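In what follows, a structure is listed as structure tokens, so that the remarks can point back to it.
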Amino acid sequence: MDRIEGAGMDWDATRAAFALPEGVIYLDGNSLGPLPRGARDAVARTLDDWQARLIGGWTGAGWMDAPDSQGDRIARLIGAPEGSVTVGDTLTLKVHQMLAAALRMRPDRRVVLSDSGNFPTDLYIAQGLLDTLGRGHELRVVPPEGVTDALDGDVAAMMLTHVDYRTGRMHNMATLTARAHDVGALAIWDLAHSAGAVPVDVTGAGADFAAGCTYKYLNAGPGAPAFVHVRPDLIDAVEPALSGWLGHAAPFAFEPAYRPASGIGRMRIGTPPVLQMAALSAALDVWDGVSMDAVRARSVALSERLIAGVEASCPALTLASPRDAASRGSQVSFRHPEGYSIMQVLIARGVIGDFRAPDILRFGVTPLYLSEREIDAAVDHLAAVMAGREWDDPRHRVRRAVT
Ligand SMILES: *Cc1c(COP(=O)(O)O)cnc(C)c1O
């Protein structure tokens, strides 16, 4: 392992915190982060607790409090104060919760504004919720650069994904949130590709709601729960639509009627995924002491290196990500009509990125465990695949269920 330099951080140590398979260059941590070494023990300890404590684990092993205590650890990474983040469920559900809450806060408005760069689940959930409400709401989807102009006095909520999952294009959260507030709309941010990827300051931006997942850049493993943040001065006005018992003020009073918990606890729904949260806890241990500014500086440097290398050696690939680092998250994407086959061949060579329809090759840049040497090696592999037309084989065009 060559020495990794960068902004006072010991990147060798963060790299060593992950159990990456030999011979693999992992450029897909934006989709599923790798295994933190501590996760195995953390999950095993939780299994031991389950075995020994049985139902006593809920309080004795802290299982019941974990959603809020782990929420506090994530809060630091997104610029949120303690007590304003809780963990649980999936991001898809959190999007539903945030949007439903926002619409209840703007009962006279009928428009949800989003953009065509949003992740499908966010748009599907919005459409489903609006249909269920049956009150004539409109989902207004505009191009990403058209959001500002589409904000008007009809908009109840502006619901955006901060970093585009395909291209890595990054919205200006502070500016757009301020514009939404200017017209009286609430701002909902999906941080799926932001948390652990770029510095986020939900407080500075004045974001009303924000949520993200923990299995991408935060590395908590497949099926790890989502997190949700609500601006502290708004939370007591949130009337949860998914009014589950663990978001109740007194879950164990088993009252017949719902009363929301005070604070962020009302964004909880049901039983927390305890084993998965053990893995999350180990994943968050790696982030302790890591500065997001240092991660960002290194992410930009590695991304620039990847772009320069690919552009110099693979003229058939065109950059799909913004060239300006300031408007790019922590991934780099290229377009090619045969992108799917190219990625299959690259993966067979041990360079794992992914493909997003119709023509995007996506590479996640994750400074905690990637080195310059690996970026250079990935570029060399890609150049060889392109120069040798290795992708030009019908076998590589067979689509798998998960791309
Ligand atoms: C990954 C991703 C999701 C995934 O939602 P799940 O409920 O975790 O499956 C949602 N939104 C965005 C923007 C994503 O990138």
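What follows draws every value from the coordinates through simple rules; no lab data is involved. Computed from a predicted model, the values in this text were never measured in an experiment. Here the Cβ positions follow ideal geometry from the backbone for every residue, glycine too, while neighbour counts run over all protein chains shown.
Which one, Ser281, Gly184, Gly244, projects farthest toward the positive side of the charge dipole computed for the stretch 174-330 from Cβ point charges (K/R +1, D/E -1)? Highest projection toward the positive end goes to Ser281. Here Arg305 and Leu275 are evaluated by their C-beta separation; at R0 = 45 Å the FRET efficiency comes out at 0.75. In a fully extended conformation the segment linking Asp380 and Ser69 would gain 107.6 nm over its present Cα-Cα distance, using 0.36 nm per residue. When you count the other C-beta atoms within 10 angstrom of each residue and take the mean per peptide, 333-344, 204-215, 350-361 line up highest first as 204-215, 333-344, 350-361.
For the stretch 236-260, backbone nitrogen atoms closer than 19 Å to the point 7 Å from Thr59 Cα along Cα-to-C-beta are found at 246-255.
For the chain, modelled as a GNM with alpha-carbon contacts under 10 angstrom, which of Ala39, Ala279, Ala325 fluctuates the most? Of Ala39, Ala279, Ala325, the most mobile in the Gaussian network model is Ala325.
Can you give the relative contact order of the chain as a percent, counting alpha carbon pairs under 8 Å and 6+ residues apart?
Across the chain, relative contact order equals 22 percent.
To the nearest ten degrees, helix 274-287 and the longest principal axis of the Cα atoms of the chain are 60 degrees apart.
Can you compute the charge dipole magnitude of the stretch 72-169 about its Cα centre, using +1 on each Lys and Arg Cβ and -1 on each Asp and Glu Cβ, nothing else charged? Give it in debye, rounded to the nearest 20. If you can, show how the numbers build up before the last one.
Values: 11 positive and 13 negative charges, 42 e Å.
It works out to roughly 200 debye.
Between the amide H of Gln331 and those of Val365, distances stay under 5 Å, these residues lying 5 or more places away or on another chain, with hydrogens modeled in the peptide plane. Computed per residue of the chain from DSSP H runs no shorter than four, each worth -39500 (n - 2.57), the mean residue ellipticity at 222 nm is -11000 deg cm²/dmol.
Other residues within the sphere of radius under 11 Å centred on the Cβ of Val95, judged by their own Cβ, net out at -2 (K and R +1, D and E -1). Run the numbers on the stretch 65-271 and let me know its relative contact order in percent, using alpha-carbon pairs under 8 Å that are six or more apart. That works out to 24 percent. Local charge for His396 was computed over the other residues whose Cβ lies under 15 Å away, with Lys and Arg +1 and Asp and Glu -1, and equals 0. Does a label point 7 Å from the Cα of Asp182, set along Cα-to-beta-carbon, have any residues of the stretch 133-156 with amide nitrogen under 11 Å, and which are they? Within reach of a label on Asp182: 148-152.
Fully extending the segment from Tyr258 to Gln51, taken as 0.36 nm per residue of separation minus the present Cα-Cα distance, adds 71.2 nm. Simple point charges give the picture: +1 on the Cβ of Lys and Arg, -1 on the Cβ of Asp and Glu, and for the stretch 331-395 a dipole about the Cα centre of about 160 debye. Under 5 Å from the amide H of His248 lie the amide H atoms of Ala261, each residue being 5 or more positions distant or on a separate chain, with H modelled from the backbone and absent for Pro and chain starts. Summing Lys and Arg as +1 and Asp and Glu as -1 over all other residues whose Cβ lies under 12 Å from the Cβ of Leu151 gives a net charge of -2. When both the stretch 121-196 and the stretch 46-98 are represented by their alpha-carbon centers, they are found 27 Å apart.
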